[in-house]
Every structure is written in structure tokens, then in C-alpha cells.
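The following block contains the structure, expressed as C-alpha cells.
Quick note: the coordinates plus some simple rules give every number you see, no bench work behind them. Bear in mind the structure is a predicted one, so any value in this text is a computation, not a measurement. Virtual Cβ from ideal backbone geometry, glycine too; neighbours counted across all protein chains shown.
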Amino acid sequence: MRRFSLAPANNFIPQTPIKNKKGTSNYNEGERNIRDKDYKMKCVLNISEFLERNNYEGVLTEKTLISPSTKDFQNIVKFICGFIDTSIMYKFEEDVIFILKTLKYPHSNEITKSQLSSITPHAWPALLSMISWLCDLVKSSLGDRKSEKSLDLEFFDHVCTEYINFMTGNENDEAELEFLKKIEDNFVANNDEAEEYKNNIEILEDEVSNLRTQFEDLNVLENKKKALKDEINHLIVHTNQLESKKQKHVENIDEMNEKLIKLNDNIKQIGVYREELKEKISKQDVNIEDIKELNDKRNLYIGKLEKLKSQKELLTSDLNRIQCAIGDLEEKRDHLIQEISMLKNISTDELSLELKTHESEFLSRKDLALKYELECKSLEAKLQECKTLEEDLDKKYNHSTQKLANINEIYNEKKEVFDNNHQNSLNETDKLENDLLKLKLESDSVYIKSERDFSESQIQLDVVKSFIARERNEINKILLEFENYVNNQFNTLKEISEEVKENLK
């Protein structure tokens, strides 16, 4: 039995591996339908013509190309791949997929290892189209090589014929002139092709440089857009924090107002009770010296009450200032929200034109926000001062109550009837002290909560800053990778141009 060789014919073995060429297939991508009968017959005819022309020594029938066995399919593919590279085919499935990817077969995702290892009727149309594409690729490459080698063949034929003519004594100068003319024509044609290649390379380099500049501009705009979005989000978070602080301050102000109202009511009750005591004292028989002492003490208490009223007025004025500052913050927050909504509606083109103006506005708003934060801190400090003043007043008030208690004890020794009324006044003063202590405790808790919220907001701000820095580093890495990729592509283009120039030389 005759042993068939899977290698291609000796007169067609290529000396170098075939490089992929664009536009080598005979069919149009839009007309490709691997299930169509006409398309399958076109592929079968193309493959059979190629195999017959290149002296394929395996089994070649119509059935072999319509429904082949796995062995026939692998023999045909190995024969065609021998034109591409004779040093491959160690593992058939992996090598075929590698060849298709390196040659950039446009439908390599349709070919799998399982389809190459066992042929099925469902997978055969895709494999048939792939074999036809390889045949077209090898045909175009062999045609180019024949045209490249034609000059060398003509030179050797001319040398041989002229040597025979020289040996026989039939030398012909006209044939030599014709051969020189052919060489000059080929040289001119090659120079024209080289110039075309140079022009094409320059055009490609210009396009690459234009694309690079456009991409850099787009990256700058995208980075600015991301930075603006981050700043807008930061402003939104900041406004939300300010709103929460404002609500807390409003609640504290309401509580302080309620407490002030209670204090005013208590002061009024004490004034009424004082008038009642005056009437009772006027009706009773008391020594002149006792009356003088009581008047002196009354004047002292009246002065202290006036001081308390002035301090209350100061506190109310501070509260009014805090409310005005909160109102200003609300107006600025609404203004910021309107500007954010305007920014969302603006397109990317308008953003690229108004980046500088928005950046300056953002910086100014940021300064304003810092100023308002400083004002809030100063107001909080003033509140703390008011609380310290309130504590001092509480101490003075306690001292005064103790003095009142002593006076009441002296007065109780003189008048037994006055004891019950005096006891009621002491009970009321105790209630007032408890209320003041509660106010103090509540104000301290509010201040601690505000400090805790401020520290949490600072922690969140640090977290956001670290996240921004991390994202910036990742973006820089991506840009560096893309720049390396562009440089590699540019270097490959240079290498291709150098190879083309060397081939032309």
C-alpha cells in the first residue's frame, strides 16, 4: 500500500512563515453564511482547487470535503499549515487555535478544541469556512512570493542562456540590453512602491499622533469631570452634615427657650411671693433694726435679680445670633443645591468650557464653608462661655438661697405664723435649683454630642480624602499602562516600517 505524505509539495515549500494579510479571503463578510449550501459549495471548490494545484497526496473526493472523517480533516489542515510553518503540529488542537489567533482569523471564537478533535455535522460548516480562509491566505502569500522571486529567476535564466550562447559562440548583445531594461523597469516600480509605503507610514504616524493628542485631551477632561463630581459629592455631604448640625442647634435653642420661659415664670412667681411677703411684713410688728436689715438684703437680692435678667438678655441675644447664622447657612445650602442641579443639567461640552470658572467658584464656596464652620465654632465657644456664666450664677444663687434660709430662720424665731410660708418658698427654690441642674446636665450632654459628631465628620472627611487619593493612584496606573500600550504599538509600527524598508531594499 502506498504511503501518502502530509507535507506540501517541494516546489511550494515557503522559506519563511506567512504573515497575516488583510483582505485575503475571496468572500465578503456581509455575505458569509456558513449554513448556506451555495457558500459551502464555494468553500469546497476553493479547497479542492487549492489541494489539487499544490499536489495533495491524501484522499481527495467530494465526500471527503462534504462529510469528512476526523483523520481526513486533520490531514488536510496539517497539509495547509505546512505552508505557514513546518515546525509546528506537536499538539493538533492547540496548534491550530494558536495559528488562527496569530493570523487573526476573524471568527476564531467559533472554533473550539472539541470541534477539532471530533468532527460533527453541526461543527463542520464553521471548520469548512476556516479551511477555505486558510487556503485563500496561503494563495495570496504564495502569489506575492512568486512575484518577488520572478526577478531572481529571470536573472538565473538569463545567466544560463548567455553562458550557453557564450560556449556555443552565439553571443547576443540585444538580449542583454533587454534584460537590463527589465531590471530598470522593476527597479523603478519597486521605488514607486517604496515611496507609497513611506507615504502610508507617514500618514499612519500622523494619525497615531493625532489620536494620542485627542486621547490626552479626553483624559484631562474626564479627570476634571471626575474631580468636579467628587467635589460636588463632598459639598452635598458637607451640606447634609451642616443640616444635621443645624437641626441639633435648633432643638437646643428650642429647649433653651422653653427653659427660659420656665425661668421667667418662676421669677414672676417669686416676685408675686415677694409682694405677698411684703404685705405680711407690713401688717406685722417688727423692730426697726430688723426692717433695715431685711431692706438691705432685699436690695441685694434685687440687684442680683437684675444681673440675672441682664445675663438672660445676653443669652437671648446670643441665641438670636445663632438663629440668624443658621438661617444664612440654610440660604447658602439652598443656593448650593440649585447650583448642583444646574451642574447636573450641563453637558460635557459646556463643562469643558466652564471648568475654570467652576473651579474658582468652588474654591470661593469652600472658603465660605470654612468661614461658616469657624463661625459655628465661635458660636459654640460663646455657648460654652454662657454655660460657665450660668454655673457661676448657680453658685451665687445657691449662696443667696443659703443666706435667705438663715434670714428665714431668724424670722421664724420671731414669727411662728411666717414659718409655713417660708417653708413653701424654700421648697420652690429647691425645685428651681433642680431645674437649673437638669438644664446644666442637658447642655453638657448636647455639647458632648456635638463634639462627637464633629470628630466623626472629621474621620469621614479623612476617609473620603484617602479614597480620593487611592482612586487618583489607580487612574495614574491605568494612564501609565495605556501610555505603555500606545508606545508599544508605536514601536511595532516603527518595526513594521523598518521591515518594509528592508524588504524594499
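Which pairs in the list LYS262/LYS332; LYS101/LYS139; LYS248/LYS304; LYS40/LYS198 are over 29 Å apart, alpha-carbon to alpha-carbon?
LYS262/LYS332; LYS248/LYS304; LYS40/LYS198
Listed highest first by mean packing, meaning other Cβ atoms within 10 Å per residue, what order do 233-240, 292-299 come in?
On the way: 233-240: 15.6, 292-299: 12.5.
So the peptides 233-240, 292-299, ranked by packing, come out 233-240, 292-299.
Just subtract the alpha-carbon distance of HIS122 and VAL59 from 0.36 nm times their residue separation and send over the number in nm, one decimal.
Values: separation 63, 0.36 × 63 = 22.68 nm, distance 2.27 nm.
Additional length available on full extension: 20.4 nm.
Distance in nm between label sites at LYS449 and GLN423, each 7 Å beyond Cα in the beta-carbon direction?
So the two model labels end up 4.0 nm from each other.
Next question, about the same structure. Which FRET efficiency, nearest 0.05, do LYS229 and LYS477 yield, Cβ-Cβ r, R0 22 Å?
Calculated transfer efficiency: 0.65.
Under the √(5λ) rule applied to the eigenvalues of the Cα gyration tensor, what semi-axes describe the equivalent ellipsoid of region 432-501? Give them in Å, descending.
Equivalent ellipsoid semi-axes, largest first: 67, 4, 4 Å.
Got a sec to turn the phi values of region 378-389 into Karplus ³J(HN,Hα) couplings, 6.51 cos²θ - 1.76 cosθ + 1.60 with θ = phi - 60°, whole Hz, x for Gly and Pro?
4, 5, 5, 5, 5, 4, 4, 4, 4, 5, 5, 4
Moving to a separate point now. Using θ = phi - 60° and the Karplus form 6.51 cos²θ - 1.76 cosθ + 1.60, what ³J(HN,Hα) does each residue of region 314-324 get, whole Hz, x for Gly and Pro?
In residue order, the calculated couplings are 4, 4, 5, 5, 4, 5, 4, 4, 4, 5, 4 Hz.
Put a dot 7 Å past each Cα toward the Cβ at ASP217 and MET167; how far apart are the dots in nm?
Once both label points are built, they end up 7.2 nm from each other.
Starting at the first residue of region 244-261, write each ³J(HN,Hα) from the Karplus equation 6.51 cos²θ - 1.76 cosθ + 1.60 with θ = phi - 60°, in whole Hz, x for Gly and Pro.
Coupling constants for region 244-261: 5, 4, 4, 4, 5, 5, 4, 4, 4, 5, 4, 5, 4, 4, 4, 5, 5, 5 Hz.
Further question on the same structure: Taking LYS78 as the anchor, which aspartates and glutamates have their alpha carbon closer than 15 Å to its alpha carbon, excluding any fewer than eight residues away along the same chain?
Leaving aside aspartates and glutamates fewer than 8 places away in the same chain, those within reach of LYS78 are GLU57, GLU93, GLU94, ASP95.
Still on this structure, please answer the following. R0 = 22 Å: FRET efficiency of THR388 with ASP462, Cβ-based, nearest 0.05?
Between THR388 and ASP462 the formula returns 0.10.
So for the pair GLU178, THR112, with labels modelled 7 Å out along Cα→Cβ, what separation do we get in nm?
Placing both labels 7 Å along Cα→Cβ, they lie 6.2 nm apart.
Let me ask you something else. Straight-line reach from LYS229: which aspartates and glutamates have a Cα under 19 Å away, not including same-chain ones fewer than 8 places off?
Cα-Cα hits under 19 Å: ASP217, ASP334, GLU339, ASP349, GLU350, GLU354, GLU359, GLU361, ASP367, ASP462, GLU471, GLU474.
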